[in-house]
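K.L.:
This is the structure, below, for whatever I ask next.
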Amino acid sequence: MHLAVIASADSWYLRDLRRAAGDRHEVTAVSFARLLSQLGHGRLGIAAGETDLRRPDCLLVRNMPPASLEQVVFRMDVLGRLEATGVPVVNPPRALEAAVDKYLASAKLLDAGLVVPPTVVCQSLEDAMVAFAALGGDVVAKPLFGSEGRGMIRVADEAIALRVFKAIAQLQAVLYLQQFIPHEGFDCRLLVIGDRVLSIRRRNDHDWRTNLAQGGVAEPLKPTDEMVAAARTAAEAIGAPIAGVDLLPGRDGRLYAIEVNAVPGWKGVASALKVDVASLVVQYCERRAMENGLT
């Protein structure tokens, strides 16, 4: 199999995939910034630098770097056109678009019957202050686009809320506010890879944020049937066959679906569970390539 991977050249994940692929598969790194498409003479051409992206057996998206709106739309359009030619794209562009947008992702999770924290998404300071009160005066403000806990702020004071929301509104950013869910200092990351589900608990004894990037510690977790079912439902709702699903057991006994990452990392999962996650990802891409008759 020839596997193209959208990743930075110095990515740890790229190195791990190449290790897992060994001599059995060819792994080529490509960059979102180098994507280009040629149209004309009855032919659609799609490349990244010197790599013709219609030639690999599968394309794996391993990063989503910051970009302008035009660049993001173009990149997703190109992946969509590539997928239409028959090249398996993992994850599909529609899944990437849904997962990166917290509002859309939360709405899809809600539609799928999962429990999501009470949430208000608005654009004005006035609406945000009304939402703050309605959500109990203790909320987590999150950037609409973002991951790994970056940019999240817990606000439990009205005066501070006014300043924080005003600053966000002045940036013409969307205000995404979720009710803070009291918990026991950990959440659960379930990594879905096709029909496999790997589970860890992320604990942080010093911060309400449990993300590993924010100082959380990964621990092995034996998931309940409810957790596994919720993870599969969440991944399916987003349309991501490879997904990192964050579930939060609240003190109220409810299991909250917090987020779905369609470009999930696996360092913490691999380390805590002593599992070769990269090999599982390569095997999944190989199955997708075989199903499409490209190998």
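K.L.:
Those residues that are modelled with pLDDT under 95 and not in a strand (DSSP E or B), I need them from region 34-54; list them, please.
P.N.:
Residues satisfying the conditions are His41, Gly42, Gly49, Glu50, Arg54.
K.L.:
Considering only strands (runs of 3 or more DSSP E) fully contained in region 91-191, which possess at least 1 residues that are charged (D, E, K, R), within 19 Å of Ile258 (Cα to Cα) and out of contact with any His (no Cβ under 9 Å at 6 or more places or on another chain)?
P.N.:
Ranges flagged: 139-142, 153-155.
K.L.:
Residues being modelled with pLDDT of 95 or more and either under 19 Å from Phe145 (Cα atoms) or in a helix (DSSP H, G or I) (or both): count how many of those fall in region 58-67. Break it down stepwise before answering.
P.N.:
Looking only at region 58-67, we keep the residues that are modelled with pLDDT of 95 or more, and these are 58-62.
Narrowing further to those that are either under 19 Å from Phe145 (Cα atoms) or in a helix (DSSP H, G or I) (or both): 61-62.
Total meeting the criteria: 2.
K.L.:
Give the residue, chosen from Ala289, Ala235, Ala278, Ala270, that is closer than 17 Å to Lys108 by Cα and either in a strand (DSSP E or B) or of a type outside the set (Asp, Glu) (or both).
P.N.:
Ala235
K.L.:
Out of all the residues in region 171-185, is one or more under 18 Å from the mean Cα position of the chain (by Cα), at pLDDT below 95 and either over 25 Å from Ala107 (Cβ atoms) or surrounded by fewer than 16 Cβ atoms within 10 Å (Cβ to Cβ) (or both)?
P.N.:
Within region 171-185, none of the residues are under 18 Å from the mean Cα position of the chain (by Cα), at pLDDT below 95 and either over 25 Å from Ala107 (Cβ atoms) or surrounded by fewer than 16 Cβ atoms within 10 Å (Cβ to Cβ) (or both).
K.L.:
Determine which single condition Asp10 fails, assuming it passes every other condition in (1) without any contact (Cβ under 8 Å) to a residue 24 or more places away in the chain; (2) among the acidic types (Asp, Glu); (3) surrounded by 15 or more Cβ atoms within 10 Å (Cβ to Cβ).
P.N.:
Answer for Asp10: the failing condition is (3).
K.L.:
Within region 37-79, track down each residue that is acidic (Asp, Glu), touching a strand residue (DSSP E or B) at 6+ places or on another chain (Cβ under 9 Å) and more than 26 Å from Met290 (Cα to Cα). Before you say what the answer is, go through the steps one by one.
P.N.:
Residues of region 37-79 that are acidic (Asp, Glu), as a first pass: 50, 52, 57, 70, 77.
Next, only the ones that are touching a strand residue (DSSP E or B) at 6+ places or on another chain (Cβ under 9 Å) stay: 52, 57, 77.
If the condition is that a residue be acidic (Asp, Glu), touching a strand residue (DSSP E or B) at 6+ places or on another chain (Cβ under 9 Å) and more than 26 Å from Met290 (Cα to Cα), then no residue fits.
K.L.:
From the list Ala218, Ala213, Ala243, which one is in contact with a strand residue (DSSP E or B) (Cβ under 6 Å, 6 or more places away or on another chain), surrounded by fewer than 20 Cβ atoms within 10 Å (Cβ to Cβ) and either at pLDDT below 95 or not in a helix (DSSP H, G or I) (or both)? Explain how you work it out, then say what you get.
P.N.:
On the way: Ala213 fails: in contact with a strand residue (DSSP E or B) (Cβ under 6 Å, 6 or more places away or on another chain); Ala243 fails: surrounded by fewer than 20 Cβ atoms within 10 Å (Cβ to Cβ).
From the options Ala218, Ala213, Ala243, the qualifying one is Ala218.
K.L.:
While we're looking at this one, here's another question. Going by the conditions given, is Arg163 among the basic types (Lys, Arg), at pLDDT below 95 and either in the same structural domain as Ala257 (by TED's automatic domain parsing) or surrounded by fewer than 17 Cβ atoms within 10 Å (Cβ to Cβ) (or both)?
P.N.:
Values: among the basic types (Lys, Arg): yes; at pLDDT below 95: no; either in the same structural domain as Ala257 (by TED's automatic domain parsing) or surrounded by fewer than 17 Cβ atoms within 10 Å (Cβ to Cβ) (or both): yes.
Considered against the rule, which asks whether it is among the basic types (Lys, Arg), at pLDDT below 95 and either in the same structural domain as Ala257 (by TED's automatic domain parsing) or surrounded by fewer than 17 Cβ atoms within 10 Å (Cβ to Cβ) (or both), Arg163 comes out as no.
K.L.:
Right, Ala105: crowded, with 16+ Cβ neighbours inside 10 Å and closer than 28 Å to Leu248 by Cβ or not? Please lay out each step first, then the result.
P.N.:
On the way: crowded, with 16+ Cβ neighbours inside 10 Å: yes; closer than 28 Å to Leu248 by Cβ: yes.
Yes; evaluated as a whole, the condition is true for this residue.
K.L.:
Would you call Val275 of a type in the set (A, V, I, L, M, F, W, C), modelled with pLDDT of 95 or more and surrounded by fewer than 18 Cβ atoms within 10 Å (Cβ to Cβ)? Quick ask: steps written out before the conclusion?
P.N.:
On the way: of a type in the set (A, V, I, L, M, F, W, C): yes; modelled with pLDDT of 95 or more: yes; surrounded by fewer than 18 Cβ atoms within 10 Å (Cβ to Cβ): yes.
Here the answer is yes, as Val275 does meet what is asked.
K.L.:
If a residue has to be buried (at least 19 other Cβ atoms within 10 Å of the Cβ) and over 20 Å from the mean Cα position of the chain (by Cα) to count, how many in region 30-42 make the cut? Break it down into steps so the answer makes sense when it comes.
P.N.:
Kept after step one, since they are buried (at least 19 other Cβ atoms within 10 Å of the Cβ), are these residues of region 30-42: 30, 32, 35.
Restricting the remaining residues to those that are over 20 Å from the mean Cα position of the chain (by Cα) gives 35.
Number of matching residues: 1.
K.L.:
OK, next. Just one of Glu83, Glu70 is over 17 Å from Leu144 (Cβ atoms), in contact with a Leu (Cβ under 9 Å, 6 or more places away or on another chain), surrounded by fewer than 17 Cβ atoms within 10 Å (Cβ to Cβ) and of a type outside the set (Ser, Thr, Tyr); which is it?
P.N.:
On the way: Glu70 fails: in contact with a Leu (Cβ under 9 Å, 6 or more places away or on another chain).
Just a single option satisfies the conditions, and that option is Glu83.
K.L.:
Also, quick follow-up: Quick one: what pairs do we get from region 83-112, first residue free of Cβ contacts under 8 Å to residues at least 24 places away in the same chain and over 20 Å from Tyr176 (Cα atoms), second among the small types (Gly, Ala, Ser) and surrounded by fewer than 20 Cβ atoms within 10 Å (Cβ to Cβ), C-beta under 8 Å, 6+ apart or different chains?
P.N.:
Matching pairs, first to second residue: Pro93/Gly80.
K.L.:
Looking at (1) of a type in the set (A, V, I, L, M, F, W, C); (2) outside any helix (DSSP H, G or I); (3) in contact with a helix residue (DSSP H, G or I) (Cβ under 9 Å, 6 or more places away or on another chain), which is the only condition Met76 fails?
P.N.:
Met76 satisfies all of (1) of a type in the set (A, V, I, L, M, F, W, C); (2) outside any helix (DSSP H, G or I); (3) in contact with a helix residue (DSSP H, G or I) (Cβ under 9 Å, 6 or more places away or on another chain) except (2).
The values are calculated or read from the model by the stated rules, or taken from the named source; none is laboratory data. Treat the numbers as computed from the prediction; the structure is a model and nothing was measured. Using ideal geometry, Cβ is built from the backbone for each residue, glycine included, and neighbour counts are taken over all protein chains shown.
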